[in-house]
Amino acid sequence: MDDYSIIQARIGDGFEAVQAVPDDIPQVTELLLKTARWLQSRGSDQWSGLLRGEDSHRTSERIRQGDVFLFKRDGVPAGMVMLLRQPSAWDEELWGEGGHERAVYLHRLAIDRDFAGQGLGGKILDWAGSGIRFDGKDRIRLDCIADNATLNGFYRGRGYDYRGAAVNGLGTFSKYEKAVAYPGELPR
């Protein structure tokens, strides 16, 4: 898909934003598994399906569709994010009917633990709202587990507005949204 433009290719201390390609699938898979193992070591079952071979976000398919972006330093993947231009079934369930045509859905923000502590997660989150432009899109939406105070605070601290909670068979999730702001433009 060529309905986007990376307008800020470098972030932070030498990290380069690139669209993932099929050759990146093994590295992306390993990054996600490392993150899931780290979460598990901290007592969280978030992303535990990945450890059982279940990928609810169909990462390989999303890479082939052009929805995954890597952040590399010296060619080594340090972090990633999935930016869906069309809502997944999950997004439709949580967000209901409104605003899908103007939204990009952010999922699977992950940082390789070797690069932890450098603020890369926040930089990627900021980049999603100002470093890449999607034609016809004016907002980023994301969700997280409602009872994870640290994660909820992280999103609020990066300028994402709380849009309520949604409950499904897996639990209660906080919804966040942010108007995108490109250099030289005011947020909408």
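Some notes on this structure:
- Every condition in (1) surrounded by 14 or more Cβ atoms within 10 Å (Cβ to Cβ); (2) modelled with pLDDT of 95 or more; (3) out of contact with any helix residue (DSSP H, G or I) (no Cβ under 8 Å at 6 or more places or on another chain) holds for Y105 except the one numbered (3).
- Complete set of residues in segment 1-24 that are part of a helix (DSSP H, G or I) and under 15 Å from the mean Cα position of the chain (by Cα): none
- Unique match (being surrounded by fewer than 18 Cβ atoms within 10 Å (Cβ to Cβ), at pLDDT 95 or above and touching a strand residue (DSSP E or B) at 6+ places or on another chain (Cβ under 8 Å)) among A78, A110, A165: A165
- Odd one out for L39, checked against (1) exposed (fewer than 13 other Cβ atoms within 10 Å of the Cβ); (2) under 23 Å from G157 (Cβ atoms): (1)
- For G14, the conditions (1) touching a residue at least 40 places away in the same chain (Cβ under 8 Å); (2) of a type in the set (G, A, S); (3) in contact with a helix residue (DSSP H, G or I) (Cβ under 9 Å, 6 or more places away or on another chain) are fulfilled apart from (3).
- Residue check for Q27: part of a loop (DSSP other than H, G, I, E, B) and touching a strand residue (DSSP E or B) at 6+ places or on another chain (Cβ under 9 Å): no
- Taken over segment 121-154, residues that are among the aromatic types (F, W, Y) and crowded, with 20+ Cβ neighbours inside 10 Å amount to 1.
- Failed condition for R158, given (1) buried (at least 20 other Cβ atoms within 10 Å of the Cβ); (2) closer than 24 Å to K34 by Cβ; (3) out of contact with any Phe, Trp or Tyr (no Cβ under 8 Å at 6 or more places or on another chain): (1)
- Out of A17, A9, A36, sole residue that is hydrophobic (A, V, I, L, M, F, W, C), touching a Phe, Trp or Tyr at 6+ places or on another chain (Cβ under 8 Å) and more than 16 Å from H107 (Cβ to Cβ): A17
- Which numbered condition K123 misses (of (1) among the charged types (D, E, K, R); (2) modelled with pLDDT under 95; (3) within 20 Å of V18 (Cβ to Cβ)): (2)
- Of all residues in segment 12-26 being at pLDDT 95 or above and closer than 23 Å to D126 by Cβ, the one that is surrounded by the most Cβ atoms within 10 Å (Cβ to Cβ): A20
The values are calculated or read from the model by the stated rules, or taken from the named source; none is laboratory data. Note that the structure is a prediction, hence the values are computed from the model and not measured. Positions of Cβ are generated from backbone atoms using ideal geometry, with glycine treated the same way; all protein chains shown enter the neighbour counts.
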